[in-house]
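Since the structure comes first, as structure tokens, the remarks are kept for the end.
The values are calculated or read from the model by the stated rules, or taken from the named source; none is laboratory data. None of these values were measured; they are calculated from a predicted model. Backbone-built Cβ (ideal geometry, glycine too); neighbour counts: all protein chains shown. Please note that ligands, DNA and RNA were not included when accessible areas were found on the heavy atoms of the full protein model with its side chains. Shrake-Rupley method; radii C 1.70, N 1.55, O 1.52, S 1.80 Å.
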Amino acid sequence: MADVRRRSNLQIWQDVIFAIFLREIRSKFNDKVGISWALINPLLFVFAFSFIRSQLAGPTTHSMPTVIFIMYGMLIIQLFLSTFRSVSGSVQKNKALFAFRQVQPISAVLANAMFELLVIFAVILVSMLLIYLIGIEFYIYNPLLVISYVVLVWLISVALGLLFAVAKAFVAEIGKLENLLLRPMFFISGIFFSLKDIPQQYWPYLDWNPFLHAVELSRDAAYPTFAAKGVSVEFLLMFALTTLFLSLAVYKAFWKQVVSR
């Protein structure tokens, strides 16, 4: 008689997340245009914005090659936008799976979030390869610090996406507010500019934005000569921990209602 292997709750949870992750990969790769656009879209913006910025300020911006300057801003904001949208829609998209007792909304959230993180790392690798082939010299002074800022942005994106996913389960119209809130983030998060380009009296209108802090700190970690000003590691870290705690608390309180609605 064959032995029946009993799995712990943690193993079951891991298997569920992996299965949804594979399902997400399959659905994305079935749509050849979708996965290709996910890689090409940020690269197009990087090179378009780099061309415009180089016409205004030359080939270097604050001691960095302009392409690298734009790349850090574009890829970090792309990570936020793609992860937030994917996570906020993951509960509704996978609702049919919640009929199975082992599948909970948080599993769909984590699977979608990990897929978006995988995509952005693929985009980063392709970007670095293209920049190398073009012949632009670049280096990363502190790669671990850059990665840590990317992870903090990802955590904030997951947390905010989870909050919106829970809210949309109760009020579907929240989705319209979501689009309204996301549009300005593309322009106020330092993709095209540095906080140092803005007169200091206007900094309080911008430095509430954690993604601006992440972009500037990432540039500073890669090129210490960039010398970021007006941003704080402590603010970025506290914002990430606060939103993560709040989102998990809200999820813990309402996840059963989310499944039943």
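Side notes on the structure shown:
- All positions within the stretch 212-234 that are in contact with an Asp or Glu (Cβ under 8 Å, 6 or more places away or on another chain) and assigned to a helix (DSSP H, G or I): His213, Phe226
- If you go through the stretch 158-217 and keep only what is closer than 15 Å to Leu79 by Cβ, in contact (Cβ under 8 Å) with a residue 40 or more places away in the chain and not β-branched (Val, Ile, Thr), you end up with Ala159, Leu160, Gly161, Leu182, Met185, Phe186, Ser189, Gly190, Pro210, Phe211, Ala214, Leu217.
- Hits in the stretch 214-261 (condition: open to solvent by less than 50 Å² (accessible area, probe 1.4 Å) and of a type in the set (Ser, Thr, Tyr)): Ser218, Tyr223, Ser232, Thr243, Ser247, Tyr251
- Contact annotation: residue pairs with Cβ atoms under 8 Å, 6 or more positions apart or on different chains, pairing a residue in the stretch 50-74 that is under 16 Å from Ala227 (Cβ atoms) with a partner that is open to solvent by less than 30 Å² (accessible area, probe 1.4 Å) and in a strand (DSSP E or B), are Phe69/Thr61.
Each row is one residue, and each column tells you yes or no for (1) closer than 29 Å to Leu248 by Cα; (2) in contact with a helix residue (DSSP H, G or I) (Cβ under 7 Å, 6 or more places away or on another chain); (3) among the basic types (Lys, Arg).
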residue: Ile131; (1), (2), (3): no, yes, no
residue: Ile140; (1), (2), (3): no, yes, no
residue: Leu163; (1), (2), (3): yes, yes, no
residue: Lys176; (1), (2), (3): yes, no, yes
residue: Pro199; (1), (2), (3): no, no, no
residue: Phe211; (1), (2), (3): yes, yes, no
residue: Ser218; (1), (2), (3): yes, yes, no
residue: Pro224; (1), (2), (3): no, no, no
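- The stretch 8-21 residues that are within 12 Å of Ile106 (Cα to Cα), paired with ones that are among the hydroxyl-bearing types (Ser, Thr, Tyr) and part of a helix (DSSP H, G or I) (beta carbon under 8 Å, 6 or more apart): Trp13/Ser107; Val16/Ser107; Ile17/Ser107; Ile20/Ser107
- Residue match in the stretch 82-102 (condition: in contact (Cβ under 8 Å) with a residue 12 or more places away in the chain, under 21 Å from Arg183 (Cα atoms), polar (S, T, N, Q) and open to solvent by 20 Å² or more (accessible area, probe 1.4 Å)): yes
- Criterion applied to Phe187, Phe226, Phe170, Phe192 was being of a type in the set (Phe, Trp, Tyr) and farther than 23 Å from Ser54 by Cα, and the one residue passing it is Phe170.
- Residue satisfying all of: in the stretch 26-40; open to solvent by less than 90 Å² (accessible area, probe 1.4 Å) and at pLDDT 75 or above; nearest to Phe121 (Cα to Cα) among these: Ile40
- Scanning the stretch 167-211 for residues that are open to solvent by 30 Å² or more (accessible area, probe 1.4 Å) and either in a helix (DSSP H, G or I) or touching a His at 6+ places or on another chain (Cβ under 6 Å) (or both) yields a count of 22.
- Taking the stretch 110-131 as the range and being touching a residue at least 60 places away in the same chain (Cβ under 8 Å) and closer than 18 Å to Val16 by Cβ as the test, the residues that pass are Leu110, Ala111, Asn112, Met114, Phe115.
- Scanning the stretch 135-157 for residues that are among the β-branched types (Val, Ile, Thr) and free of Cβ contacts under 8 Å to residues at least 12 places away in the same chain, we see that the one that is most open to solvent (accessible area, probe 1.4 Å) is Ile147.
- Residue list for the stretch 111-144, restricted to those being under 19 Å from Phe226 (Cα atoms), touching a Pro at 6+ places or on another chain (Cβ under 9 Å) and not polar (S, T, N, Q): Ile136, Glu137, Phe138, Tyr141
- Residue tally, condition more than 22 Å from Ile147 (Cβ to Cβ) and polar (S, T, N, Q), over the stretch 236-252: 1
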